Amino acid sequence: MPTAFTTHRQLLEDPKVLFAGYKMPHPLEHYFVLKVQTTPDTTPAHVLGNALTELIQNVGSMKNKFEVRAMNALVIGQRTHVDGQYIVLIRVLLSRWS
């Protein structure tokens with residue numbers, strides 16, 4: 001489950017997190033169990049909130065970078081006559097995110 005893995009990895013970036021792990025009870029059940037141990041000066045709920053905020057910011061940054069590169073690809077593609085299907089695909093991706 002990508003959500004569990006990315007949350008787990010983001011938690012491990014925090015120096016106040018001593019342990020972070022997750023398990024999925026069953027692949028057909030759409031939830032995971034997250035275990036977090038922190039230093040005494042913070043709480044697992046606090047570091048989880050920070051980790052999720054950082055993940056949201058990272059995804060937004062990746063989205064913006066993709067859009068910039070996709071728009072550059074559109075301009076280059078129109079100049080170099082790249083296959084029309086590729087240009088349509090990028091336009092569909094951009095329109096789904098707006």
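Just so you know, all these numbers are worked out from the coordinates, no wet-lab data involved. Remember, it's a predicted structure, so these values are computed and weren't measured experimentally. Please note: Cβ atoms are built from the backbone with ideal geometry, for glycine as well, and neighbour counts cover all protein chains shown.
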Residue separation between K63 and M24 times 0.36 nm, minus their alpha-carbon distance, gives in nm 11.3 nm
Residue by residue through the stretch 27-38, what is 3J(HN,Hα) from phi via Karplus (6.51 cos²θ - 1.76 cosθ + 1.60, θ = phi - 60°)? Round to whole Hz and write x for glycine and proline. x, 8, 9, 8, 7, 9, 9, 10, 10, 9, 10, 10
Taking a cut-off of 28 Å between Cα atoms, list the lysines near K35, but don't count ones fewer than 8 places away on the same chain. K16, K23
Burial ordering of F19, F32, fewest other beta-carbon atoms within 10 Å first: F19, F32
